[in-house]
Structure formats: structure tokens, C-alpha cells
Amino acid sequence: MASALMNTYKRLPVSFARGQGALVYDDDGAEYLDVLSGIAVCGLGHAHPAVASALCEQSKTLLHTSNLYRIPQQEQLGERLAALAGLRSVFFCNSGAEANEAALKLARLYGHQKQITNPQVIVLENSFHGRTLATLSATGNRRVQAGFEPLVQGFLRAPYNDLDAIRQIAATSHDVVAILAEPVQGEGGIIIASEDYLPGLRSLCDAHGWLLMLDEIQCGMGRTGEWFAFQHTNSRPDVLTLAKALGNGVPIGACLAGGKAADLFQPGAHGTTFGGNPLACAAATAVIDTIERDHLVARAGILGARMLDGFRQSLAGVDGVVSLRGMGLMLGIELNRPCNDLVQQALDQGVLINVTAERVVRLLPPLILSDNQADHAVNTISQLIRSFLKGT
Ligand code: PLP
């Protein structure tokens, strides 16, 4: 059937009519276990009663006013997030790319305040920061950029997990104002920062007066077993970007800042029509309340360890499995060959998964997954991978 939609996605031939917890049901009523959560969005699963009721209540009261007025729901959510992250101020927007745009604008303003007229942001190979012109330019993946040149200027590139490369840039460039990094590269294939990487970036930023800006759009909001992945270390960023799981499916993004970055924006410098409206903020507040009430941050850590352990056992010694990586509920199984076919095969078995970076099976299950559901996912996916690698 011809579609009026622009051809931006190679979509799987299925659509879902409803969801409940970690399960979704297609138009024929067939059930699927969702271990992708809409790419790390529905951390509380589908149709969560707390989110549904917050949305219902807020929509009966007031959906939207404008950032021309005070928005109490936004102020309260801002305080909650700032306290959780140990930062001071928040700008709300509608997506991850917009959160990163805000971060990049902060970095440039910071540079101009220091009389750096051509400010440069260090970005990392294999990263993903979004699809707007600035964020695709920041992204370390040529395939995301190709066809959209000229790229936005002002980025210096370095390999991930390589502190020496950053030191080399520091030695030669005097225009650097910030580093933008993901603590776990999600789209890049669940590549986890080595233990000394974030602390190393933090001290380099301190030594040179740069902003440390962390993109936790995919790994934030409890998924890794801490509210934010940087909290596994003691390296707090100056700027932190969030989106995805913040609204559990209601579009909302946030750019948080602390210290010298907290007060850079003044009226007129940045804005948004929808960002931080009462509806989105009510949803995000319900998300935070629920994660706290149900101790889901700790649960993500425990569940993630259980699943990684399960995969380690069931895929031990299997030829073609290059590496098993995980941090909480971000799990990556790297194979020695392109494996996109596994997505359809898993769908046929009633499990929603994803393949990224061509060869990495990526799982981003909801934080509310039960032990049984986790075990079922591990068994089904391990079996599929074994058969796939055997070519059967
Ligand atoms: N940054 C990271 C780390 C992401 O994973 C994504 C989306 O996958 C983005 C930014 C872009 O977010 P959005 O698609 O909401 O613009």
C-alpha cells in the first residue's frame, strides 16, 4: 500500500493496538514481550496507571499555556531533576536532539563569555546525539551525516575511551569550550565508558576550564542502575541532557546545568513553544514518583545483572559471539557478522528487540520487567542467536 509518510524508516510489518506493562498486542491480538521499550522510552512499560492518571488529570485541567507565564508543574519538575542530578537549573524541550541543541548553545555562549569567538566542542567517534543539523554534526557516525553537508562547524573529534586523544587536542587547540559525551554509547552498540574515562574527562575539563556535557538521553532515568550513569563515578557533569524515558512516551527533553553553566541563558537566548508544558511535566513527575516509590533504579541494576549473567551462561563459548556488554538494563550482544535478520526472527517469536551498529543485538527492557519475563527474553534471544550463528 502506498503511504503518505516520508520514507524515513524501514518499518517492520507489524503495528500494535495496545500495551500492558512489558507486553504489547498487535492488531490481531498476538502478544509480544517488549525488551526495547520504544528505544529506552517506556521505562515503566505500557499503560502505566500512574502516568495514565497524571495525564488524565492534567488534561482535564490545563494542557498548555506558554513559557511566557510561570508553569508550576515545570518549576516543580525542574527542582526534582536538579536535585536528583546535583545540578542547579533546567531547560525543558520536547526531544533528545533539542536537549543537545540547548547544551551546544550553552557551550558556545560559555565560550563567547570567555572571549573565545570560534568555540569548539570536542565530540566522540561512534557517538549519536540526534538528527538536527547541529546534533548530526556532533554525531560520530558518517552515515547520519551523509547528504546533509555542509555540517555545522565547531566540533573537534576524538576516539571514545581515549583520554590521550583529548590531551592531544588540549595541547594544540585553544578554542575548546566543552566536551560532549555519552557515558554509554547506545546507538553506537552499547559501548560503556571505561572506569577511568568520565573521571579523566572531568579532570581535563577542570584543568582547562571546559564544560563537561553528558548526553544521558538513552542511559539516564534509572536505566543503568543509578538515576544517571555518571553517578556510577563521582564525576558530575556541568551540563546533562535527558529525554526518552523522562516522559515514558510523552515527548519531553531536558537540558540541566550546574556551576558556571547554570545561568548562561538569559531571557531571549533560547526558547520553545511546547517545552515543559503542564501535560508533559505532569507525565514526567509521575515517572519520577513511580521510579522512586517502586525502587526501580535499584531494580534496574539487579535485573540487568540477572540478564547479563543469563546471557553469559547461555552464550558461553558460542562461536560468533564477540562480546556481551551491559550496564543495568542496557545490554548489547556483539556478533561477528551483521545480524539485522534477528529482529524479524525475534518478532516471529513474540519478542521485540533491536540491532544497532549492524552487529550488536541491543536490549533496553522496561524497568518493570518481571524476573520471569527477563528469563524468557534471555532464553528466547540466546536460542535465536545460537541458531542464527549456526546458519539454521
Ligand atoms: N542522544 C542519544 C544518546 C540518543 O540515544 C538519542 C536518540 O536515540 C538522541 C540523542 C536523540 O534523541 P531524539 O530522537 O529524541 O531527538
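The values are calculated or read from the model by the stated rules, or taken from the named source; none is laboratory data. Please read all numbers here as calculations on a predicted model, not as lab measurements. In this analysis, Cβ positions are derived from the backbone assuming ideal geometry, glycine residues included, and neighbour counts consider all displayed protein chains. Remember, those area values only see protein heavy atoms, side chains included, never the ligands or the DNA or RNA. Shrake-Rupley method; radii C 1.70, N 1.55, O 1.52, S 1.80 Å.
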>> From the phi angles alone, apply the Karplus equation (6.51, -1.76, 1.60; θ = phi - 60°) to the range 14-24 and give each ³J(HN,Hα) in whole Hz, x where the residue is Gly or Pro.
In response: 8, 9, 10, 9, 7, x, 8, x, 8, 10, 10
>> I need to check one value: relative contact order of the range 170-244, counting alpha carbon pairs closer than 8 Å and at least 6 residues apart, in percent.
In response: 33 percent
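How much space per residue, in cubic angstrom, does the convex hull of the C-alpha atoms of the range 276-392 take up? All intermediate terms of the calculation are to be shown ahead of the outcome.
Values: hull volume 13.7 nm³, N = 117.
Spread over its residues, the Cα hull of the range 276-392 gives 117 Å³ apiece.
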> Counting pairs of alpha carbon atoms under 8 Å apart in space and at least six apart in sequence, what relative contact order in percent does the range 167-297 give?
Replying inline: 20 percent
>> Once you place label points 7 Å from the Cα toward the Cβ at GLN344 and ASP27, how far apart are they in nm?
In response: 1.9 nm
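How big is the shadow of the Cα convex hull of the chain, averaged over all directions, in nm²? Before the final figure, lay out the partial values.
Numbers: hull surface 81.1 nm².
Spelled out: convex hull of the Cα atoms, projected over all directions, averaged, 20.3 nm².
How much net charge surrounds GLN20 when only the other residues with a Cβ under 11 Å from the Cβ of GLN20 are counted, with Lys and Arg +1 and Asp and Glu -1? Mind dumping the intermediate values first?
Working: positive: ARG18; negative: GLU31, ASP34.
Every neighbour counted, the sum reads -1.
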> Taking the DSSP beta bridges in the chain as the whole, what percent of them are antiparallel, to the nearest 5?
Replying inline: 65 percent
> Residues with amide H under 5 Å of ALA158's amide H, sequence separation 5 or more or different chain, H placed in the peptide plane at 1.01 Å from N; which?
Replying inline: VAL123, LEU124, GLU125
>> Can you show me the helix-derived [θ] at 222 nm for the chain, built from DSSP H runs with n ≥ 4 at -39,500 (n - 2.57) apiece and divided by the number of residues, rounded to the nearest 500.
In response: -11500 deg cm²/dmol
> Among TYR69, TYR32, TYR160, which one moves the most in a GNM of the chain with springs linking Cα atoms closer than 10 Å?
Replying inline: TYR69
>> Taking only the Cα atoms of the range 104-169, how large is their convex hull per residue, in Å³?
In response: 89 Å³
> Under the classification rounded if a/c is under 1.5, otherwise prolate if a/b is larger than b/c and oblate if not, where does the range 335-392 fall, given a ≥ b ≥ c as square roots of the Cα gyration tensor eigenvalues?
Replying inline: prolate
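Averaging sequence separations of C-alpha pairs under 8 Å and six or more residues apart, then dividing by the length of the chain, give the relative contact order as a whole percent.
22 percent
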> Taking the chain as a Gaussian network, Cα atoms linked when under 10 Å apart, which of LEU198, LEU342, LEU36 shows the biggest mean-square fluctuation?
Replying inline: LEU342
> Residue by residue, what Karplus-based ³J(HN,Hα) values in Hz, rounded to whole numbers, does the range 207-214 have, using 6.51, -1.76 and 1.60 with θ = phi - 60° and x for Gly and Pro?
Replying inline: 5, 10, x, 9, 8, 8, 10, 10
> Could you give the accessible area per residue of the chain, probe 1.4 Å, as a whole number in Å²?
Replying inline: 45 Å²
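For the range 114-257, count all C-alpha to C-alpha pairs, find those more than 17 Å apart, and express that count as a whole percent of the total.
Tail fraction, whole percent: 60.
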> For the range 48-61, what does the Karplus curve 6.51 cos²θ - 1.76 cosθ + 1.60, with θ = phi - 60°, yield as ³J(HN,Hα) per residue in whole Hz, taken in order and with x for Gly and Pro?
Replying inline: 5, x, 5, 6, 4, 6, 4, 5, 4, 4, 5, 6, 7, 9
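Could you work out the per residue convex hull volume over the alpha carbons of the range 159-206, in cubic angstrom?
Numbers: hull volume 3.6 nm³, N = 48.
Expressed per residue, the convex hull around the Cα atoms of the range 159-206 is 75 Å³.
From the protein chains alone at 1.4 Å, what is the descending order of accessible area for THR132, THR139, THR117, largest first? If you can, show how the numbers build up before the last one.
Values: THR132 45, THR139 0, THR117 115 Å².
The ranking, largest first, comes out as THR117, THR132, THR139.
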>> Students sometimes get this wrong: rank HIS129, HIS64, HIS376 by accessible area, probe 1.4 Å, all chains present, largest first.
In response: HIS376, HIS64, HIS129
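Sort 327-333, 383-389 by packing, meaning the average of other beta carbons within 10 Å per residue, with the highest value first.
Details: 327-333: 27.1, 383-389: 16.7.
By packing density, highest mean first, the sequence is 327-333, 383-389.
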> Highest GNM mean-square fluctuation, the chain, Cα pairs closer than 10 Å: which of GLY275, GLY147, GLY222?
Replying inline: GLY147
> Measuring from the lowest to the highest alpha carbon on each principal axis, how far does the range 1-61 reach, largest first, in angstroms?
Replying inline: 40, 27, 23
> Of the accessible area of the chain, with the probe set at 1.4 angstrom, what percent is carbon plus sulfur?
Replying inline: 52 percent
> Given the convex hull over the Cα atoms of the range 37-97, what projected area results after averaging over all orientations, in nm²?
Replying inline: 5.5 nm²
> Based on the Cβ-Cβ distance of SER314 and SER370, what FRET efficiency does E = 1/(1 + (r/R0)^6) give at R0 = 22 Å, to the nearest 0.05?
Replying inline: 0.75
